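To start, the structure under review is shown below, and the notes come after it.
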Amino acid sequence: MSSPDPLTDHVRTVIARLQDGALKNRAGAVTTLARLRRAPLNDPTADPSVYQVVFEGFPQQYQTGELPTHQERAAYVAACLFSHHQQSKSEHMHRVSQSSPGGYGLGTAIRRLAQENGTIEPDSAVVRRFNALATADHDTEVIHHVRGLVGRLRAANLALDYGRLARDLADLFSGERSRRERVQLAWARDFSRPAPSKRASTPSVPSADSTTTH
């Protein structure tokens, strides 16, 4: 699936390639994901070899100034989180929904997590953690809560669209109120919809070559 946003498309391409390599046990992908798991979430430049993988072909309009842009930080954090999500998994933990132009977003994934046990009402502990993320004011808080939720998704074998996550994180990291509110509203809307059945909601798996980087 291709989106009109170059950041989303780039991250989907990178993650799909890493995922494909990991599932096929290719040494390069396995090594890169291990490096990403060890990398600090707050410093995209900490490991040059990881930087090259995540940012090769990165949209140039998002690479300006002397410090990492919020788009660069978001792409890096998404890649790091995926490395934890996919670890030791034989299933695709990054998925893109063909039925939704916006992708398989965090709100939808967390709603499925909250109703994983078949309950009518969402699990209150998951709801509290999701609300803490949605109301977090600082980047460090956002990263902390997202990482915790990704851990829960991993334990439940629930996938996430990491391209859309990167786009959402970039808006949150931007510091602009309108962009933060857009993300909060999108997550709230997705979460408020009842979780679809697994048969109806099975998302497509993008191949490493199926997404075009702009």
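The values are calculated or read from the model by the stated rules, or taken from the named source; none is laboratory data. Here the structure is a predicted model, which means the values were calculated and not measured. Note that we place each Cβ from the backbone using ideal geometry, even for glycine, and neighbour counts take in every protein chain shown. Quick note on the areas: whole protein, heavy atoms, side chains included, nothing else; ligands and nucleic acids left out. Shrake-Rupley method; radii C 1.70, N 1.55, O 1.52, S 1.80 Å.
Observations on the model:
- A count restricted to the range 1-27 and to residues that are small (Gly, Ala, Ser) and modelled with pLDDT under 95 stands at 2.
- Unique residue being under 20 Å from ASP171 (Cα atoms) and in contact (Cβ under 8 Å) with a residue 12 or more places away in the chain when the list is PRO4, PRO68: PRO68
- Test for VAL127: is it at pLDDT 85 or above and either touching a strand residue (DSSP E or B) at 6+ places or on another chain (Cβ under 8 Å) or closer than 26 Å to PRO4 by Cα (or both): no
- Qualifying residue in the range 73-80 (condition: among the hydrophobic types (A, V, I, L, M, F, W, C) and at pLDDT below 90): no
- If the condition is being loosely packed, with under 13 Cβ neighbours inside 10 Å and either hydroxyl-bearing (Ser, Thr, Tyr) or modelled with pLDDT of 95 or more (or both), then the range 177-214 contributes SER178, SER192, SER197, SER207, THR212.
- Residue pairs meeting the criteria (Cβ under 7 Å; at least 6 apart or on separate chains; first open to solvent by 70 Å² or more (accessible area, probe 1.4 Å), in the range 22-39; second hydrophobic (A, V, I, L, M, F, W, C)): ARG35/VAL50
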